[in-house]
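Peer 1: Let me give you the structure first, and then I'll get to my questions.
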Amino acid sequence: MDSPDYTTLIDAPTWDFIRRTEAAYPPDTATLSIADQRAIYDAMCRAFHRGYPPGVTAEDRPFDGIPCRHYPGQGGTVVYFHGGGFVVGGLHSHDDVCAEIRAETGLTVVSVDYRLCPEHPHPAAFHDALAATRAIAAECAAPLLLAGDSAGGTLAAATAQTIGRKGALGIAGMVLIYPGLGGNRDAGSYLTHAQAPMLTRDDVLFYARIRHGDAPEPPPDPSFAPLSDSDFANLPPTLAIAAECDPLADDATAYAARLTAAGTPARAITEPGLVHGYLRARATVPRAAASFARITRTLSAMAKGTWPGSEDHP
């Protein structure tokens, strides 16, 4: 299959972001040792860190023994699961993203530092997500909103499908940002965008293998691949956002379609010309800034119980 013409799909500001990212995090990083991957990723995150907006503070504290970073606000709580392929990232990697979500929405944000692979293969991260979400719901203001990017989107969806149906725990909405949800890796965007900048199909396969350790790939399991579930009813209202130039792009569309068919309010948006990891471009790429504004606007509306609304269409 011919690769898309990324020179026309991707605009100049996004290309500048891609080049800056690859200078700090080379495309072959996934072939290096886990320690090297984490060191390179941490350095890249420090290079992109934008600090905190005025008035935003944070405190590191555990919820049910899971390390978390708490950004106090009011009017509800966002539980945020960071991306990083279940291999890299932590409280530091999405610190400024969470701080800006807090600033733009006014909501409390709690970032969850779940265990990583390969030291802790699946279902360790999933169990941490469940435990932290239950504890956050018990201590922080409702409504509760689940959000996450990439691997964090996987955890948000799996958490909602396990403990968030029918408004349980006060969970009132979910925003998934370029999530990996277990779509068919031999079809659709996985092939069309197999060689996309920032994330390739080979990268996706690597992270899937490392997630289940030395064991054979597991049978369909919604805690591992949320799209493999058989029941999508009674889930919280959901916005699933895809980057167009991303092998994972179809997962968001497929997931929203499953929820809608089951009667759950859901929308999928594919952000044109954007690439996996574009949250770090929210200050320099107009398309990414518009998407981040959509994310924070949606979280605010979900907390007020006014999403979906006509203003939320792209």
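Values in this text are rule-based calculations from the coordinates and carry no lab data. Being a predicted model, the structure only gives us computed values, none of them experimental. Every residue, glycine among them, receives a Cβ derived from its backbone with ideal geometry; neighbour counts consider all protein chains shown.
Peer 1: Please report, for the Cα atoms of the stretch 142-204, the Rg to one decimal and the Dmax as a whole number; what are they, in angstrom?
Peer 2: Using the Cα atoms of the stretch 142-204, the pair Rg, Dmax is 14.2, 42 Å.
Peer 1: Next question. Residue by residue, what Karplus-based ³J(HN,Hα) values in Hz, rounded to whole numbers, does the stretch 70-84 have, using 6.51, -1.76 and 1.60 with θ = phi - 60° and x for Gly and Pro?
Peer 2: Working through the residues one at a time gives 10, 10, x, x, 8, x, x, 9, 9, 8, 10, 10, 6, x, x Hz.
Peer 1: Pull up all non-local amide H partners of His276: gap of 5 or more, or a different chain, and H-to-H distance under 5 Å with H placed in the peptide plane.
Peer 2: Amide H neighbours of His276: Leu199.
Peer 1: Now, a different point. Enter the per residue convex hull volume of the stretch 4-141, computed from alpha-carbon coordinates, in Å³ rounded to the nearest integer.
Peer 2: Normalising the Cα hull of the stretch 4-141 by residue number yields 140 Å³.
Peer 1: Return the equivalent ellipsoid semi-axes of the stretch 56-203 as a descending list in whole Å, where each equals the square root of 5 times an eigenvalue of the C-alpha gyration tensor.
Peer 2: 26, 16, 15
Peer 1: If you find the alpha carbon centre of the stretch 106-138 and of the stretch 1-50, how far apart are they in angstrom?
Peer 2: Rounded to whole Å, the Cα centres lie 26 Å apart.
Peer 1: Note the full-extension length gain between Leu32 and Thr306 as 0.36 nm times their separation in residues minus their Cα-Cα distance, in nm to one decimal.
Peer 2: So the extension gain works out to 94.1 nm.
Peer 1: What does a probe at Ala142 reach in the stretch 235-249, counting residues whose amide N is under 20 Å from the point 7 Å along Cα→Cβ?
Peer 2: In the stretch 235-249, the label zone of Ala142 (backbone N under 20 Å from the point 7 Å along Cα→Cβ) covers 235-238.
Peer 1: Further question: Calculate one ³J(HN,Hα) per residue across the stretch 162-175 by plugging θ = phi - 60° into the Karplus curve 6.51 cos²θ - 1.76 cosθ + 1.60, and present them in order as whole Hz with x for glycine and proline.
Peer 2: Running phi through 6.51 cos²θ - 1.76 cosθ + 1.60 with θ = phi - 60° gives 8, 10, x, 7, 6, x, 4, 6, x, 6, 10, x, 8, 10 Hz.
Peer 1: Taking a cut-off of 19 Å, what percent of all Cα-Cα pairs in the stretch 1-84 are separated by more than that?
Peer 2: 62 percent
Peer 1: Could you state the orientation-averaged shadow area of the convex hull built on the Cα atoms of the stretch 7-49, in nm² to one decimal?
Peer 2: Computed as one quarter of the Cα hull surface, the answer is 3.4 nm².
Peer 1: Enumerate the amide H contacts of Ile171 below 5 Å, restricted to partners 5 or more residues apart or on another chain; note that Pro and chain-start residues carry no placed amide H.
Peer 2: Leu144
Peer 1: Give the calculated FRET efficiency between Ser228 and Asp42 to the nearest 0.05, with a Förster radius of 35 Å applied to their Cβ-Cβ distance.
Peer 2: Approximately 0.65, to the nearest 0.05.
Peer 1: Using the Cα gyration tensor of the stretch 198-307, with a ≥ b ≥ c the square roots of its eigenvalues, what is the shape: rounded (a/c below 1.5), prolate (a/b larger than b/c) or oblate (neither)?
Peer 2: Since a/c reaches 1.5 but b/c is at least a/b, the shape of the stretch 198-307 is classed as oblate.
Peer 1: What ³J(HN,Hα) values, in whole Hz, does the Karplus curve 6.51 cos²θ - 1.76 cosθ + 1.60 give for the stretch 226-233 when θ = phi - 60°, with x put for Gly and Pro?
Peer 2: These are the phi-based 3J(HN,Hα) values: x, 5, 7, 5, 9, 9, 10, 7 Hz.
Peer 1: Could you work out the local net charge near Arg50, counting Lys and Arg as +1, Asp and Glu as -1, over the other residues with Cβ closer than 12 Å to its Cβ?
Peer 2: Local charge sum for Arg50: 0.
Peer 1: Hey, another quick one. What are the GluC sites (Glu not before Pro) within the stretch 87-178 that DSSP puts in a loop, where the Cβ has at most 15 other Cβ atoms within 10 Å?
Peer 2: Of the GluC sites (Glu not before Pro), the ones in loops of the stretch 87-178 whose Cβ has at most 15 other Cβ atoms within 10 Å are Glu119.
Peer 1: What residues have an amide H closer than 5 Å to that of Gly188, excluding those fewer than 5 places away on the same chain, when H is modeled at 1.01 Å from N in the peptide plane?
Peer 2: Residues meeting the criterion, in which the H sits 1.01 Å from N, do not exist here.
Peer 1: Something else: Kirkwood Rh, Cα Rg: Rg to Rh for the chain?
Peer 2: Taking Rg over the Kirkwood Rh, I get 0.93.
Peer 1: If you scale each eigenvalue of the Cα gyration tensor by 5 and take the root, what three semi-axes come out for the stretch 97-178, rounded to whole angstrom and sorted largest first?
Peer 2: That gives 20, 15, 12 Å for the three semi-axes.
Peer 1: Let me ask another. With labels modelled as points extended 7 Å from the Cα through the Cβ direction, what inter-label distance (nm, one decimal) is found for Ala283 paired with Ala24?
Peer 2: According to this spin-label approximation, the distance is 1.0 nm.
Peer 1: For the pair Leu91 and Glu119, what calculated FRET efficiency results from E = 1/(1 + (r/R0)^6), where r is the Cβ-Cβ distance and R0 = 25 Å, to the nearest 0.05?
Peer 2: For R0 = 25 Å, the calculated efficiency reads 0.90.
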